[in-house]
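Here's the structure we're looking at; comments come further down.
The values are calculated or read from the model by the stated rules, or taken from the named source; none is laboratory data. No experiment lies behind these values; they were computed from the predicted model shown. Positions of Cβ are backbone-derived with ideal geometry, glycine not excepted, and every protein chain shown enters the neighbour counts.
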Ligand SMILES: Cc1cc2nc3c(=O)[nH]c(=O)nc-3n(C[C@H](O)[C@H](O)[C@H](O)COP(=O)(O)OP(=O)(O)OC[C@H]3O[C@@H](n4cnc5c(N)ncnc54)[C@H](O)[C@@H]3O)c2cc1C
């Protein structure tokens, strides 16, 4: 697929980001599935000033952009992504966890790994943080997805700061949280969040977290490239159980396979293409619709172009 960027766009990006921008960069290494074609430009956005700059540039030159977190919930098409792919780093990686009386208060930049946040908050006794343990994303991705298990990140949020096209400088927004989605504008770049947890016994929180991590290792194909649950749980049911009931475990398309360990996971077993995964997703969805009369909805985000 032809790049959308003109020589002028490239010069403007190189002028500001220097070696923090890579053109025609394959995205597979940046995703958990290890799948995906090239981005026209992959840009390392390290500060609020960078984020505001890039949004103003996108506005001025009418360029599309996509924010990639740690890539643990996305399937990037084999044709890659046109326009800019933004990865946050630098000052977006700052994390502060402190006691505030009966509360454990967390201030986290969007590129902080959830694993680091949960470990530090647990050691202060943050009650409920164990529900986020083992989710392999960034804070920005977790917020955008309202990630969680029995409890979700949105439950603990105090404040969220974002950059948007109409207001490129960082500013606070109000957000409502639902099962695996939120009211955040689609063009919002989450910059940082503050969270508050009731304070409990650190040893008990750590033990509960450990137990959950062990359970994950037993029940999820952690050693194989995957993107977690592919489909959302429909009301009153588990997507994994429905998929298992149609005998889908082990179904294969090219290099992608429905995990034998957890039917709602698709694993990349042999250099899978995005097309292999979408073929499997469609087959699973059709089988569940025919056998169970349930229309499964995707949890993973499909992004970019699926025709190489
Ligand atoms: C083994 C495994 C287990 C998992 N278990 C769980 C689980 O128990 N519960 C759960 O909820 N999820 C789970 N997931 C899915 C995934 O880890 C979460 O959805 C996670 O929050 C995604 O974060 P990310 O940084 O990887 O986001 P990405 O996958 O990179 O992006 C996901 C979406 O968030 C957007 N996004 C990312 N960062 C930002 C930002 N700064 N601003 C605006 N938008 C942004 C992206 O544009 C994209 O639309 C699992 C995944 C794996 C691989």
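A few points about this structure:
- Residue 66 being outside the structural domain of residue 209 (by TED's automatic domain parsing), under 16 Å from the mean Cα position of the chain (by Cα) and either farther than 22 Å from residue 224 by Cα or assigned to a helix (DSSP H, G or I) (or both): yes
- When the residues of region 169-208 are filtered to those that are out of contact with any strand residue (DSSP E or B) (no Cβ under 9 Å at 6 or more places or on another chain) and in a loop (DSSP other than H, G, I, E, B), the one that is nearest to residue 91 (Cα to Cα) is 186.
- Residue list for region 250-295, filter: in a loop (DSSP other than H, G, I, E, B), within 25 Å of residue 236 (Cβ to Cβ) and within 16 Å of the ligand (Cβ to nearest atom): 259, 261, 262, 263, 264, 265
- Extreme residue, surrounded by the fewest Cβ atoms within 10 Å (Cβ to Cβ), among residues of region 92-114 that are within 13 Å of the ligand (Cβ to nearest atom) and over 30 Å from residue 276 (Cα atoms): 93
- One residue stands out in region 26-48 among those that are surrounded by fewer than 19 Cβ atoms within 10 Å (Cβ to Cβ) and more than 17 Å from the chain's Cα centre (by Cα): the one that is farthest from the ligand (Cβ to nearest atom), namely 26.
- Checking each residue of region 166-174 against the condition of being touching a helix residue (DSSP H, G or I) at 6+ places or on another chain (Cβ under 7 Å) and more than 13 Å from the ligand (Cβ to nearest atom) gives at least one match.
- Residues considered: 228, 247, 254. Of these, the only one that is in contact with a helix residue (DSSP H, G or I) (Cβ under 6 Å, 6 or more places away or on another chain), outside the structural domain of residue 108 (by TED's automatic domain parsing) and either modelled with pLDDT under 95 or at positive phi (or both) is 254.
Table: residues versus (1) touching a helix residue (DSSP H, G or I) at 6+ places or on another chain (Cβ under 7 Å); (2) surrounded by fewer than 18 Cβ atoms within 10 Å (Cβ to Cβ); (3) within 30 Å of residue 268 (Cβ to Cβ).
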site	(1), (2), (3)
123	yes, yes, no
126	yes, no, no
135	yes, no, yes
148	yes, no, yes
155	no, yes, no
179	no, yes, yes
194	no, yes, no
223	no, yes, yes
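- Within region 104-132, residues that are at positive phi have Cβ atoms under 6 Å from residues that are surrounded by fewer than 24 Cβ atoms within 10 Å (Cβ to Cβ) and in a strand (DSSP E or B) in these pairs: 125/199; 128/197, counting only partners at least 6 apart in sequence or on another chain.
- Complete set of residues in region 296-305 that are outside any loop (DSSP other than H, G, I, E, B) and more than 15 Å from the ligand (Cβ to nearest atom): 305
- Residues of region 136-168 classified as part of a strand (DSSP E or B) and more than 17 Å from the chain's Cα centre (by Cα), total: 5
- If you go through region 22-52 and pick out every residue that is touching a residue at least 60 places away in the same chain (Cβ under 8 Å) and assigned to a helix (DSSP H, G or I), you end up with 3.
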